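Participant: Take this structure first; my questions come after.
The values are calculated or read from the model by the stated rules, or taken from the named source; none is laboratory data. Quick caveat, the model's predicted, so the values are computed rather than measured. With ideal geometry, Cβ positions are generated from the backbone for all residues, glycine too; neighbour counts draw on all protein chains shown.
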Amino acid sequence: MKRKIFLILLLSLILVSCTNKNNDNNKNIYTSIYPIEYLTKEIVGDKYKVINIIPTGVEIHGWEPSMKTVASMSDSQLILVNGLGLESWADSVSESVGESKIVEVNKGIDYIKLTETEKEEHSHGDYDPHIWLSIKNMLVMAKNIEEEVVKLDPENKSYYEKNLERLESSLKELDGKFETALENYSGKAIIVPHDAFGYLVRDYNLKQIPIEGINSSSEPDLGTVAKIVDKAKSDNVNTVFYEYGGSDKIAKTIAKEISGETKEIYSLENITDELIKNNEDYYTLMEKNLNNILESFK
Ligand SMILES: [Zn+2]
């Protein structure tokens, strides 16, 4: 079955690459998820068109590309992915698009090892893939991306370096805001929609109480909800965060149990068209996260 799918894929690739000859796809860089798209756009400026593979507003965990998407990727020279098992589709398309074009941007990051329970529902690796929720990690990813872009287009090295510098100072400023604001809340806990905020809480000495697991696919059963309520009570938590644009049903249930309230948080795994229209980006949404987290500690 797999071989058959591969053959169909191959045929469609040949077809598309024959009809697409006039497109200047050499000027396209593909990214897998929004935070990588954000960093890459800041670095390449007007030199490349950055296309995010996963459409806006879609759940990224377990997402699979269509054959058309795979075909268009194969004409690009560079496909930047998160790695750590987040893109479960990367292995299966690497044969068709060219393995060497797919580059992971996580090199040099101090990964968080998943616990045995977390691993049980996470079939693709040993580490937490949500690296972009640490601004410090974003700095490492930005440098990795810049290096790849320079390899692709060494002539414009100084242009990319300048863009990287600007991006780095903006990320450092954002990280500074978190550091200063959260300084006095060491050890405080936040209830988050899914197990995605491990890197963020590590950076600022907080704790996360996740409602759903690492892949945000399964609604918790009553036992799990009861455990969350217990933890929330012992940690004096009064706010339950739900994912922006997602359902707040379970968050409301838990909030009722702890006589607290609900607020939204952005895991930034994806962005919606509405947010883009409102000129929101990684920086502004992380600022909103910070403000909402601060509010929850009051
Ligand atoms: Zn996630």
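Participant: I'd like to know if the stretch 64-83 contains one or more residues that are assigned to a loop (DSSP other than H, G, I, E, B), under 12 Å from residue 32 (Cβ atoms), within 16 Å of the ligand (Cβ to nearest atom) and of a type in the set (A, V, I, L, M, F, W, C).
Facilitator: no
Results for (1) free of Cβ contacts under 8 Å to residues at least 60 places away in the same chain; (2) assigned by TED's automatic domain parsing to the domain that holds residue 54; (3) among the aliphatic types (A, V, I, L, M), shown as yes or no for each residue.
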residue	(1), (2), (3)
193	no, no, no
197	no, no, no
200	no, no, yes
218	no, no, no
273	no, no, no
280	yes, no, no
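Participant: Could you list, in sequence order, all residues of the stretch 183-199 that are more than 16 Å from the ligand (Cβ to nearest atom) and touching a Lys or Arg at 6+ places or on another chain (Cβ under 8 Å)?
Facilitator: We begin by selecting, within the stretch 183-199, every residue more than 16 Å from the ligand (Cβ to nearest atom); these are 183-189.
Passing the criteria: 187, 188, 189.
Participant: Then there is this: Go through the stretch 84-115 and give me each residue that's within 16 Å of the ligand (Cβ to nearest atom) and either of a type in the set (Lys, Arg) or touching a Lys or Arg at 6+ places or on another chain (Cβ under 8 Å) (or both).
Facilitator: 112
Participant: Residues that are among the hydroxyl-bearing types (Ser, Thr, Tyr), at least 3 per element: which helices (runs of 4 or more DSSP H) completely within the stretch 208-298 meet that?
Facilitator: The qualifying helices (runs of 4 or more DSSP H) are 282-296.
Participant: Next question, about the same structure. Just give me the residues in the stretch 65-109 being more than 20 Å from the chain's Cα centre (by Cα), within 22 Å of residue 126 (Cβ to Cβ) and of a type outside the set (S, T, N, Q), in sequence order.
Facilitator: 99 - this is the single residue of the stretch 65-109 that is more than 20 Å from the chain's Cα centre (by Cα), within 22 Å of residue 126 (Cβ to Cβ) and of a type outside the set (S, T, N, Q).
Participant: Can you give me the ranges of the helices (runs of 4 or more DSSP H) entirely in the stretch 107-190 with at least 3 residues that are surrounded by 16 or more Cβ atoms within 10 Å (Cβ to Cβ)?
Facilitator: Details: elements: 116-120, 135-152, 157-182.
Passing ranges, in order: 135-152, 157-182.
Participant: Give the residues of the stretch 213-245 that are of a type in the set (Gly, Ala, Ser), crowded, with 16+ Cβ neighbours inside 10 Å and within 16 Å of the ligand (Cβ to nearest atom), sorted by residue number. I'd like the intermediate steps shown before the answer.
Facilitator: Restricting attention to the stretch 213-245, the residues satisfying the condition of being of a type in the set (Gly, Ala, Ser) are 213, 216-218, 223, 226, 232, 234, 245.
Next, from what is left, pick out any that are crowded, with 16+ Cβ neighbours inside 10 Å: 213, 216, 232.
Those that are of a type in the set (Gly, Ala, Ser), crowded, with 16+ Cβ neighbours inside 10 Å and within 16 Å of the ligand (Cβ to nearest atom): 213, 216.
Participant: As an exercise: evaluate residue 141 against (1) closer than 28 Å to residue 27 by Cα; (2) at pLDDT 95 or above; (3) touching an Asp or Glu at 6+ places or on another chain (Cβ under 9 Å) and give the number of the one condition it does not meet.
Facilitator: (3)
Participant: I've got another one for you. When you check residue 38 against the structure, is it modelled with pLDDT of 95 or more, in contact with a Phe, Trp or Tyr (Cβ under 7 Å, 6 or more places away or on another chain) and either under 30 Å from residue 139 (Cα atoms) or not assigned by TED's automatic domain parsing to the domain that holds residue 268 (or both), yes or no?
Facilitator: Working: modelled with pLDDT of 95 or more: yes; in contact with a Phe, Trp or Tyr (Cβ under 7 Å, 6 or more places away or on another chain): yes; either under 30 Å from residue 139 (Cα atoms) or not assigned by TED's automatic domain parsing to the domain that holds residue 268 (or both): yes.
Here the answer is yes, as residue 38 does meet what is asked.
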